[in-house]
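Written below as structure tokens is the structure these notes are about.
The values are calculated or read from the model by the stated rules, or taken from the named source; none is laboratory data. These numbers were taken from a predicted model, which means no experiment stands behind them. Reconstructed Cβ throughout: ideal geometry from the backbone, glycine too, with neighbour counts over all protein chains shown.
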2 protein chains.
Amino acid sequence: MSVRDYVASSRDRYLEWYTEACSIPSLAGNPEGLASMAAWLEGKFEMVGASVERLSYESAPDALLALIGPPGGEVLVYDHYDVQPVDPLDLWLSDPFSPEIRDDVFYARGAADNKGDLVARLAGLDTYLKLWGEIPVGIKLLVEGEEETGSKSFPSLVSRYGDKLQAEGCIWEGAGLDHAGAPEFVFGAKGLAYVELNCRGLNDDQHSSVAVYTPSPVWRLLDALQSLRGADGRVLIVGFYDDVRKPTRADIKMLKNLPFDEAGEKKRLGIDEFIGGDSGLDFLMRTYFEPTCNIAGLSSGFTVPGSSKTVLPKEAMAKVDMRLVPDQDPGDIVVKLRRHLDGHGFADVTTTTFSMEHPVRSPSNTRVTRAALNAAEAVFDKPPAKSPFMIATGPMYPIAHTLGIPTVSPGGVCRPSSNIHAPNENVRVNDFLKTIEYTVNWIDALAKTPA
Amino acid sequence: MSVRDYVASSRDRYLEWYTEACSIPSLAGNPEGLASMAAWLEGKFEMVGASVERLSYESAPDALLALIGPPGGEVLVYDHYDVQPVDPLDLWLSDPFSPEIRDDVFYARGAADNKGDLVARLAGLDTYLKLWGEIPVGIKLLVEGEEETGSKSFPSLVSRYGDKLQAEGCIWEGAGLDHAGAPEFVFGAKGLAYVELNCRGLNDDQHSSVAVYTPSPVWRLLDALQSLRGADGRVLIVGFYDDVRKPTRADIKMLKNLPFDEAGEKKRLGIDEFIGGDSGLDFLMRTYFEPTCNIAGLSSGFTVPGSSKTVLPKEAMAKVDMRLVPDQDPGDIVVKLRRHLDGHGFADVTTTTFSMEHPVRSPSNTRVTRAALNAAEAVFDKPPAKSPFMIATGPMYPIAHTLGIPTVSPGGVCRPSSNIHAPNENVRVNDFLKTIEYTVNWIDALAKTPA
């Protein structure tokens, strides 16, 4: 029986696993949900014959490390079992933790990020075992529970358990499929500095008549925010771009070969133009090699829709997320932000750091990446679409930098239309099944790829 | 028995009325609360022997018109029975609709704005009748239920019932007491244009990694807002100041005599400096004769305190309230705002108008105002503090302009510390009792003031 046929015949069973996993509200602030998800995973790992260990670090949710296959030259596989918050809940068409399949699309919080790849990998191991009885290469599956809140404990956890995590290469959380269905391969990720800015200027909210003589914390916060960014969108924090590494000739070549459906992406977003009117290589160069300064949230005063209240708010808040590119350092960027605010007369605007992730780059030509790329050809509709690193963030720095294990994120369940981090997160059932098949194939390819 | 003694001996009964009035949640969106408040007032008006009529206009809450005393040369008294919303509810120390007296201060939503003056006026009529048997001058009490949402129906209602509302002068909702306890007298009010700005740029909230190529509706809204205002706080809407009337010599003289406790106001607000570092006459000139462009609310994306979510919001909203001075026209200002946004490339930023009020000025030397001023001397701790008009807004334009009845807002229950429109709205019990006494006194003074 072919791998594809076996997966097709097991469709209902694997979708049941997927439904079980996505029914568990494993998100920050819900310790029972996180614990329940870890226990569910333990059960599944044991079912496929892995030996499982819990990696603890202080009050963080336990990470799980499952070992399967022969020792030596192992490949590490990274996923996470926590998910993003669900609000705004009213925009969901079905309950985020009651998975629902509509028109062959699976809807649930975590369906794409990242329980889809995680369950597909479990199902892939199960399929391999059912077809051939044993896993031919050493695999270490590492699943953490703190990714969506910035993997704060992950660097310490990796340092503490470094010996157990040693591997030849690391297959990271899936990079997904592009608009056309080509499996995406990336060799690293952008970094992140997530900072909340607060301006608290008054004892209390005030009747807005006094706005004529009372400095407004709202206008002040807006002035501070505007000081961060030029009219052309360029970040004005002093020294922000100092450590941005220029793309190499190999990078540019990779981008020239990278298919990207610009029209499809614009349609999905609902926009007429990308920033700067870019397209083609310019667009890709900006996309991969430019950092961002995004406002993820803004709040002050009276915000009830459809009604009015004349208030001078006592405070205002902005959440700013900056995606960083190699070799920007999130700690350094936060220091520069603080120095910028102080230097521009905004010492009273406070900054609170929430997440910091280093950007990461790994080589794209290792034995593990070659196997992962070769295995994709037979499974997906299109040849692999390689790019230097993902434009999102993953906590791969401790693996790639501290342990020195090159990482590759291969194709997986996620598409641009998957609404990750947003309402109605979804995965096509067919993409889930293909990712199971692909998992079987890369295990096989790795066993057959010479060093 | 003196008026003061009678009021003191009736303290509990009048506080019971006050408590009853402030227990009724008469706010927009709560038709039962508004109806219940109107019925409560009707009962009280009938109790003091007034004939009461309901003035209806379309779906607006009924206004009440109560007539008492002999016909001819009547004085119109304006109050409103609706109150502001209560959020943020978590900042209240006691339930906003369960009035509570703590340290001789009465706390409730509406205690100051404007049920305190309203109930004190009812109690004043009651006291007058108890002491002298009948009201010597014609009084028309007009109480509307739509003030806090901009008195949208009031102009039409005043036009429809203009004949019934004719009067020699109008005593408006109390202006309050200043920091030192001096009764404030104002002869008009600033106007208002309240506009919500929305920028909707994307189909859905997005993972913030795409912020590198996707125009942000949040930054765009901030750019639009910043275009409205210069670094010095001056409003940059083209033509915004065109109709601002310069203060007269009489205005400047009035301001020179106006006591204002700048240190007390700064302490109350929690600030070191007023806008521009102003003080003295400069401060008062700005306060009375400058319009504002205030941001009353701001909302976009992920705003949960203490947590982070990396999202590119699909939309952003700001509520902008502009206090207007004579002779700015709110309709004209909204047109200029729209034209400004279009002219600065922000045609996509939508504007929704919530409230529009014309600024108003009345003469300060009419028979009614002289009586109202004279009556204050004996009641309050300090001589009257006169200013040209209030820096807040009232819907007096239809009365003062359409019907041509000069308006004066006299001293009343409200102090700068009363937290109107804010949590923990409050009135000192003693100020409530004094305002009852003052009501008796101005009725008496009016009967004795020659034309």
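Key figures for this structure:
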{"item": "Qualifying residue in the stretch B:237-247 (condition: in the same structural domain as B:Ala347 (by TED's automatic domain parsing), touching a Leu at 6+ places or on another chain (Cβ under 6 Å) and not small (Gly, Ala, Ser))", "result": "yes"}
{"item": "Residues of the stretch A:24-37 satisfying the condition of being surrounded by 18 or more Cβ atoms within 10 Å (Cβ to Cβ) and more than 14 Å from chain B (Cβ to nearest Cβ)", "result": "A:Ile24, A:Pro25, A:Ser26, A:Gly33, A:Leu34, A:Met37"}
{"item": "Scan of the stretch B:99-146 for residues that are touching a Leu at 6+ places or on another chain (Cβ under 9 Å), assigned to a loop (DSSP other than H, G, I, E, B) and buried (at least 24 other Cβ atoms within 10 Å of the Cβ), ordered by number", "result": "B:Arg109, B:Gly110, B:Gly145"}
{"item": "Residue that is nearest to the other protein chains (Cβ to nearest Cβ), among those in the stretch A:311-324 that are surrounded by fewer than 24 Cβ atoms within 10 Å (Cβ to Cβ) and under 32 Å from the mean Cα position of the chain (by Cα)", "result": "A:Met317"}
{"item": "Residue tally, condition among the small types (Gly, Ala, Ser) and either modelled with pLDDT under 95 or in contact with a Leu (Cβ under 7 Å, 6 or more places away or on another chain) (or both), over the stretch B:297-346", "result": "8"}
{"item": "Any hit, the stretch A:44-56, residues being small (Gly, Ala, Ser) and at positive phi", "result": "yes"}
{"item": "Filter result (within 16 Å of B:Arg323 (Cβ to Cβ) and among the small types (Gly, Ala, Ser)) within the stretch A:197-217", "result": "A:Ser208, A:Ser209, A:Ala211, A:Ser216"}
{"item": "Sole exception among (1) within 30 Å of B:Ser355 (Cβ to Cβ); (2) among the hydroxyl-bearing types (Ser, Thr, Tyr); (3) away from chain B (no Cβ under 11 Å) for A:Ser308, by number", "result": "(3)"}
{"item": "Criterion (in contact (Cβ under 8 Å) with a residue 12 or more places away in the chain, of a type outside the set (Gly, Ala, Ser) and more than 9 Å from chain A (Cβ to nearest Cβ)) met by exactly one of B:Phe380, B:Phe283, B:Phe274", "result": "B:Phe380"}
{"item": "Among (1) loosely packed, with under 13 Cβ neighbours inside 10 Å; (2) within 26 Å of A:Ala224 (Cα to Cα) - the single one A:Thr248 does not satisfy", "result": "(2)"}
{"item": "A:Leu67 vs. criteria assigned by TED's automatic domain parsing to the domain that holds A:Thr127 and within 23 Å of the chain's Cα centre (by Cα)", "result": "no"}
{"item": "Tally of residues being out of contact with any helix residue (DSSP H, G or I) (no Cβ under 8 Å at 6 or more places or on another chain) and in contact (Cβ under 8 Å) with a residue 60 or more places away in the chain across the stretch A:95-109", "result": "1"}
{"item": "Boolean, A:Ala376 is out of contact with any Ser or Thr (no Cβ under 7 Å at 6 or more places or on another chain), over 20 Å from A:Asn198 (Cα atoms) and part of a helix (DSSP H, G or I)", "result": "yes"}
{"item": "The stretch A:220-249 residues that are within 16 Å of A:Asp282 (Cα to Cα), paired with ones that are among the basic types (Lys, Arg) and outside any helix (DSSP H, G or I) (beta carbon under 6 Å, 6 or more apart)", "result": "none"}
{"item": "Test set (1) in contact (Cβ under 8 Å) with a residue 12 or more places away in the chain; (2) touching a Ser or Thr at 6+ places or on another chain (Cβ under 8 Å); (3) part of a loop (DSSP other than H, G, I, E, B) - B:Ala296 fails condition number", "result": "(3)"}
{"item": "Test: residue in the stretch A:226-233 that is at pLDDT below 95 and surrounded by 13 or more Cβ atoms within 10 Å (Cβ to Cβ)", "result": "yes"}
{"item": "A:Val218 being surrounded by 22 or more Cβ atoms within 10 Å (Cβ to Cβ) and among the β-branched types (Val, Ile, Thr)", "result": "yes"}
{"item": "Test result for A:Leu258, modelled with pLDDT under 95 and not assigned by TED's automatic domain parsing to the domain that holds A:Pro330", "result": "yes"}
{"item": "Filter result for the condition that a residue is closer than 28 Å to A:Leu202 by Cα and touching a Phe, Trp or Tyr at 6+ places or on another chain (Cβ under 7 Å), over B:Val413, B:Val440, B:Val408, B:Val379", "result": "B:Val413"}
{"item": "Lone qualifier among A:Pro330, A:Pro305, A:Pro313, A:Pro398 - being outside the structural domain of A:Ser409 (by TED's automatic domain parsing) and under 19 Å from A:Gly188 (Cα atoms)", "result": "A:Pro330"}
{"item": "One residue from A:Thr292, A:Thr303 being under 21 Å from the mean Cα position of the chain (by Cα), buried (at least 20 other Cβ atoms within 10 Å of the Cβ) and either at the interface with chain B (Cβ under 10 Å from one of its Cβ atoms) or among the aromatic types (Phe, Trp, Tyr) (or both)", "result": "A:Thr292"}
{"item": "Selection within the stretch A:317-340 - part of a strand (DSSP E or B) and within 21 Å of A:Ile391 (Cβ to Cβ)", "result": "A:Lys319, A:Val320, A:Asp321, A:Met322, A:Arg323, A:Leu324"}
{"item": "Test result for B:Val52, touching a strand residue (DSSP E or B) at 6+ places or on another chain (Cβ under 9 Å) and either outside the structural domain of B:Lys115 (by TED's automatic domain parsing) or under 21 Å from B:Asp126 (Cα atoms) (or both)", "result": "yes"}
{"item": "Residues located in the stretch A:341-373, provided they are in a loop (DSSP other than H, G, I, E, B), more than 14 Å from chain B (Cβ to nearest Cβ) and either free of Cβ contacts under 8 Å to residues at least 40 places away in the same chain or closer than 15 Å to A:Ile171 by Cα (or both)", "result": "A:Ser362, A:Pro363, A:Ser364, A:Asn365, A:Thr366"}
